[in-house]
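The values are calculated or read from the model by the stated rules, or taken from the named source; none is laboratory data. Predicted, not measured: the structure shown is a model, and the values here were computed from it. Backbone-built Cβ (ideal geometry, glycine too); neighbour counts: all protein chains shown.
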Amino acid sequence: MEAQDGEIRERLKGFKNKFLVMSGKGGVGKSTIAAYLAVGLARRQHPVGLMDVDLHGPSIPRLLGLKGNIVSTVASRKGIPLRFLPNMEVMSIESLLADKDTATIWRGPLKIGVIRQFISDIDWHTADYLVIDCPPGTGDEPLTVAQVIPDTKAIIVTTPQEISLADVRKSISFCRQVKMEILGLIENMSGLRCPHCGKSIDLFKTDGGAVTAKRAGLKLLGSLPLEPEIVIEGDSGSVAWMDRQDLPYTRSFNRILDQVVQLTKG
């Protein structure tokens, strides 16, 4: 354990900024935002590592259309993360499984050990950002990240409705209890533009993320609308939407990226 602790400390020195993308509730688009944040930062010429610690429901490889499995080097016996872009590396439990539909039926101690190995036993390169996708809630996975990577900052994802915001408040409480700085909130699924009249339909209410951020003294990094094109491309493992400046989603996402980069300068 002591030897692994030393490897983890040395490996983490190679990442300038670490983000934990988390949510109190499932189904709010957290993994999608984590994947696209990593891709967006990499497209801006930042070296990026993307680590998927959602061990029971990994979706990062499918969102990015990544095929293949993690292999190890003969010399170091370290795993080689999959490469999505020349400057972006990805690690997910799905990339270790022969059958991608196999369930991982694990309890706490095993999950904690795997997350530690994702850092110590993977041959990550030096990067400006490490983006960590975490399962919903405040259980083993986010707690392990908070303890093993103590300088991680949280990006909390929510939808505008109260049922999601109630769980987000628990995520905020979690971060404050474990002394994890919160970079800001992202409100996802914030309105759907009608394809016929062009008006916005507030399917999940609106401005809930902004109100919650203000009450908690936090920054709202931005709001993202519902966009059918993103759903289609996510299922097909494409990020072609990032070049579609005609999409409100693309413009909103780029403004979020601007804020993330600005907040992590220096």
Within segment 209-218, identify whether any single residue is surrounded by 14 or more Cβ atoms within 10 Å (Cβ to Cβ), small (Gly, Ala, Ser), outside any helix (DSSP H, G or I) and without any contact (Cβ under 8 Å) to a residue 40 or more places away in the chain, and answer yes or no. no
Only one of Thr32, Thr73 that is surrounded by fewer than 23 Cβ atoms within 10 Å (Cβ to Cβ), more than 27 Å from Glu227 (Cα to Cα), of a type outside the set (Asp, Glu) and touching a residue at least 40 places away in the same chain (Cβ under 8 Å): Thr73
Segment 77-122 - residue that is more than 13 Å from Leu50 (Cα to Cα) and of a type in the set (Asp, Glu) and, of those, surrounded by the most Cβ atoms within 10 Å (Cβ to Cβ): Glu94
Do we have Ile156 as at pLDDT 95 or above, in contact with a Ser or Thr (Cβ under 6 Å, 6 or more places away or on another chain) and surrounded by 15 or more Cβ atoms within 10 Å (Cβ to Cβ) here? yes
For segment 128-174, which positions are of a type in the set (Asp, Glu) and in contact with a strand residue (DSSP E or B) (Cβ under 7 Å, 6 or more places away or on another chain)? Asp128, Asp133, Asp151
Pair list, Cβ under 9 Å, 6 or more apart: segment 220-236 residue assigned to a strand (DSSP E or B), other residue modelled with pLDDT of 95 or more and basic (Lys, Arg): Leu220/Lys214; Leu221/Arg255; Gly222/Arg255
Residue count for segment 68-123, restricted to those that are among the polar types (S, T, N, Q) and either under 26 Å from Leu41 (Cα atoms) or touching a Leu at 6+ places or on another chain (Cβ under 7 Å) (or both): 7
Output the residue which, of all residues in segment 8-19 that are crowded, with 16+ Cβ neighbours inside 10 Å and within 21 Å of Gly79 (Cβ to Cβ), is nearest to the chain's Cα centre (by Cα). Lys18
Where in segment 1-102 are there strands (runs of 3 or more DSSP E), lying fully within it, with 3 or more residues that are modelled with pLDDT of 95 or more and touching a Cys at 6+ places or on another chain (Cβ under 9 Å)? 15-22
Suppose we filter Ala35, Ala42 for residues that are touching a helix residue (DSSP H, G or I) at 6+ places or on another chain (Cβ under 7 Å) and closer than 28 Å to Leu257 by Cα; which single one remains? Ala35
Tell me which residues, restricted to segment 183-208, are more than 15 Å from Val168 (Cα to Cα), without any contact (Cβ under 8 Å) to a residue 40 or more places away in the chain and among the charged types (D, E, K, R). Lys199
Filter segment 219-243 for residues that are under 17 Å from Ala154 (Cα atoms) and of a type outside the set (Ser, Thr, Tyr); which is surrounded by the most Cβ atoms within 10 Å (Cβ to Cβ)? Leu221
When restricted to Ile172, Ile201, Ile186, Ile156, the only residue among the aliphatic types (A, V, I, L, M), under 14 Å from Lys25 (Cα atoms) and more than 16 Å from the chain's Cα centre (by Cα) is Ile172
Within segment 86-122, restricting attention to residues that are among the charged types (D, E, K, R) and touching a His at 6+ places or on another chain (Cβ under 9 Å), which residue is farthest from Leu63 (Cα to Cα)? Lys111
